[in-house]
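The values are calculated or read from the model by the stated rules, or taken from the named source; none is laboratory data. These numbers come from a predicted model, not from an experiment. Please note: Cβ atoms are built from the backbone with ideal geometry, for glycine as well, and neighbour counts cover all protein chains shown.
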2 protein chains.
Amino acid sequence: MNSFEIARLAGVSRSTVTRVINNYGNVHPKTKSKVLKVMEEYNYRPNATAKKLSSKKSNVVGLLVIKDIDQSSPSFLADAFFGPMIDTIIHSASKRGYRIMLDIKEENDKNILNLFHDKSIDAGIFLSWSNLQPTLHEAADLGYHCGVIDFDFAIERDDSIVVMDVSDKQSAYKATKYLIDLGHQHIGFITGIKSKRCSIERLEGYKSAHLESGLEVNECDIYEGFFNEVDGNAAVEKWMETGKLPTAIFAANDKMAIGALNALHKKGIRVPEDVSVIGYDDVILSQYTSPKLSTMKVPVSEMAHNLIHTLIDKLEGKEGVQKRRTFIAELVERESTAKLRKMKKK
Amino acid sequence: MNSFEIARLAGVSRSTVTRVINNYGNVHPKTKSKVLKVMEEYNYRPNATAKKLSSKKSNVVGLLVIKDIDQSSPSFLADAFFGPMIDTIIHSASKRGYRIMLDIKEENDKNILNLFHDKSIDAGIFLSWSNLQPTLHEAADLGYHCGVIDFDFAIERDDSIVVMDVSDKQSAYKATKYLIDLGHQHIGFITGIKSKRCSIERLEGYKSAHLESGLEVNECDIYEGFFNEVDGNAAVEKWMETGKLPTAIFAANDKMAIGALNALHKKGIRVPEDVSVIGYDDVILSQYTSPKLSTMKVPVSEMAHNLIHTLIDKLEGKEGVQKRRTFIAELVERESTAKLRKMKKK
DNA sequence: CTGAAAGCGCTTACAG
DNA sequence: CTGAAAGCGCTTACAG
């Protein structure tokens, strides 16, 4: 059953069937209902592939997950960020009549842009923790519509790429300010790898909150970790050894915060009574620690929603689309943070 | 740039270009290299859509995530099972030349099969926690190639559907047997909702291990939970109130095991010194609890790998494909289980 | 509001 | 081993 058959059965031309299928409007109501009836009766479904070929538009957006070769994370999709993002992207895209093609590649794979090259997709959203700058440039230069969620605040491109980013600086500022407002004056910061831009930004946020409140920043309160649990642990141990355990700890990600939580627990230090701990990311895990971890949540769904809509606007040629938007993480108060107690166990 | 142009530039016919593109073999080496050279030179990429239309094959497999309307899980993709499964599916499919189209729908959505209807996909894999029996039947009756990972052991279909399932009974048996072998004689079981087939199966496994070892099954050692943390907690509390805390606890999923872990921790009971705890699922969380949770891991990647390959075999018309395969969960020993101590704190 | 014709970019028999 | 022709199932101008 194809449009030709439908046309024949409805006594019209294929052009008219096309008009009905796509709701073009310039069809006489009677003709339209006649065609619709036949389509209904024969359970006709237009062939998506034929439509793509003739209309030169796939109505498919690629979701290009680029794996970091170093980081052997078991599954990218199970990632706290990417899961909800993909979910949102699919829903929002669907409402606009777009489908999603999912691809996973390693960062050095020569075929990353294949989906673009063979015209399988109209646009692509890149999901990755690695540096996509070169790939994005290449794609944009070829005229492909690209979008990214830039956690690293690293994409320096003109407006040919749609990018949603998070200001790590402002977010870290917000977290630190929150602890200061709780009365804490001695706040430890477990930073991420310093070579990463996001680490630098977060550190700046931590510092600027101190500065603004007239608090001194002490280098020994800053511990450099590698975004994993072990380093959260190590930070606490180091501070305890030197006898300079802060009354509040801000970790640059949840994993390190959880490591700190565990270390404190082992040492018999109560959270949040003795020490407050706040993380960053709002990984699912954070809801299951005891005490439940307070943290900074990146508004991933909102970002994903904006990204896909902007990208579709762009590829559909809509004018005056704002191609870049910056978000700030939200504070999620749970059980691991509390007001500073006056009487503190030494 | 299209195949016609390539043909012209290489001085051959389009048929020959097609032969080269698809590696059909019956092309003279010299002709082939000539064509390849031109394709290379002009950076030619065959249009996937045109290929699909003419070959009547999309080389796309749909990943149909069907959401349970009751269960408002934040993100299905972040699910401990679906994440790694999708990952594996994409990789395995890619090696076979297939792409993945991802769709998320609610279980009562009338458009669940749209991707099939409009010929966007050659086959579909359903991912869901809800009962897919009706949907699968409908799809199979329409001749669509379908595959499922059946955690519920509920799909009763002939071999028109490819299904990979897990024997909950054998897996639960294995977990229980493990505890018995550690010397435990008093093993509590936190079962899941009894209306779910998987719960019944797991309970049977628990019982059969007891039977086989000559141990009695005591109804008061069985607590019915709803697969969430709170119920794991409640189970422990109930057992403590009645003074009948087992020396080992087997929970029908990790969340309940974690709940039990937390409850024991609060009561000052040491794990695994006083009580052993084992879960089921091997959720990522389990690696982060303290002590780290021993659990039963469903071999999701292996299942996904088998599923996609079998499905592709089937749609490519390969003969003698085994369309159903049953897996057993693997024991993951971590820190929450240990040999029964003779001297037990009362 | 409607239709005839051409075209999208490939592949598929068929013939040689 | 190679080519000419027809076709996949739609949509797109164009004409009326």
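In the range A:117-144, which residues are touching a residue at least 40 places away in the same chain (Cβ under 8 Å) and among the acidic types (D, E)?
Scanning the range A:117-144 gives a single hit, A:D122.
Kindly evaluate A:I308 against the criterion of being touching a residue at least 12 places away in the same chain (Cβ under 8 Å) and out of contact with any helix residue (DSSP H, G or I) (no Cβ under 6 Å at 6 or more places or on another chain).
Taking the combined requirement at face value, the residue does not satisfy it.
Looking only at the range B:33-43, decide whether some residue is within 9 Å of DNA strand D (Cβ to nearest atom), surrounded by 15 or more Cβ atoms within 10 Å (Cβ to Cβ), more than 10 Å from chain A (Cβ to nearest Cβ) and not small (G, A, S).
Yes, the range B:33-43 has at least one match.
Residues of the range A:286-303 being small (G, A, S) and away from chain B (no Cβ under 11 Å), which ones?
A:S294
Given the options A:K52, A:K56, name the one that is within 10 Å of DNA strand C (Cβ to nearest atom) and surrounded by fewer than 12 Cβ atoms within 10 Å (Cβ to Cβ).
Testing whether each residue is within 10 Å of DNA strand C (Cβ to nearest atom) and surrounded by fewer than 12 Cβ atoms within 10 Å (Cβ to Cβ) leaves just A:K56.
Just wondering, is there one or more residues in the range B:317-325 that are crowded, with 17+ Cβ neighbours inside 10 Å and touching a Phe, Trp or Tyr at 6+ places or on another chain (Cβ under 8 Å)?
no
Would you point out which residue out of B:L245, B:L215 is in contact with a Phe, Trp or Tyr (Cβ under 6 Å, 6 or more places away or on another chain), surrounded by 14 or more Cβ atoms within 10 Å (Cβ to Cβ), in the same structural domain as B:Y280 (by TED's automatic domain parsing) and touching a residue at least 24 places away in the same chain (Cβ under 8 Å)?
B:L245
Which condition number does B:A263 fail, the rest of (1) touching a residue at least 60 places away in the same chain (Cβ under 8 Å); (2) assigned by TED's automatic domain parsing to the domain that holds B:K207; (3) aliphatic (A, V, I, L, M) being met?
Of the numbered conditions (1) touching a residue at least 60 places away in the same chain (Cβ under 8 Å); (2) assigned by TED's automatic domain parsing to the domain that holds B:K207; (3) aliphatic (A, V, I, L, M), the odd one out for B:A263 is (1).
Of all residues in the range A:245-270, count the ones that are away from every other protein chain (no Cβ under 13 Å) and closer than 18 Å to A:I180 by Cβ.
8
Give the residues of the range B:11-32 that are crowded, with 17+ Cβ neighbours inside 10 Å and away from DNA strand C (no atom under 11 Å from the Cβ), sorted by residue number.
Answer for the range B:11-32, where residues must be crowded, with 17+ Cβ neighbours inside 10 Å and away from DNA strand C (no atom under 11 Å from the Cβ): B:V12, B:V27, B:K32.
Go through the range A:168-201 residue by residue and tally those that are buried (at least 24 other Cβ atoms within 10 Å of the Cβ), of a type outside the set (V, I, T) and at pLDDT 95 or above.
5
Applying the selection to the range B:291-346, what residues are hydroxyl-bearing (S, T, Y), modelled with pLDDT of 95 or more and within 28 Å of B:V60 (Cβ to Cβ)?
Scanning the range B:291-346 gives a single hit, B:T310.
Would you check if there is a residue in the range B:78-98 being more than 12 Å from DNA strand C (Cβ to nearest atom), in contact with a Ser or Thr (Cβ under 9 Å, 6 or more places away or on another chain) and at pLDDT 95 or above?
Checked the range B:78-98: at least one residue is more than 12 Å from DNA strand C (Cβ to nearest atom), in contact with a Ser or Thr (Cβ under 9 Å, 6 or more places away or on another chain) and at pLDDT 95 or above.
Quickly run through the range A:103-121 and pick out the residues that are more than 21 Å from the chain's Cα centre (by Cα) and surrounded by fewer than 22 Cβ atoms within 10 Å (Cβ to Cβ).
A:N108, A:D109, A:K110, A:N111, A:N114, A:H117, A:D118, A:K119
In the range B:138-152, what residues are buried (at least 23 other Cβ atoms within 10 Å of the Cβ) and on the phi > 0 side of the Ramachandran plot?
Scanning the range B:138-152 gives no hits.
Check B:K194, B:K238, B:K174 and return the single one that is within 18 Å of B:I278 (Cβ to Cβ) and of a type in the set (K, R).
B:K174
Can you confirm whether B:V283 is in contact with a Pro (Cβ under 9 Å, 6 or more places away or on another chain) and either surrounded by fewer than 21 Cβ atoms within 10 Å (Cβ to Cβ) or within 13 Å of chain A (Cβ to nearest Cβ) (or both)?
Judged against the criteria, B:V283 is not a match.
Anything in the range B:1-17 that is touching a helix residue (DSSP H, G or I) at 6+ places or on another chain (Cβ under 7 Å) and near DNA strand D (Cβ under 8 Å from one of its atoms)? List them, or say none.
B:A7, B:V12, B:S13, B:R14, B:T16
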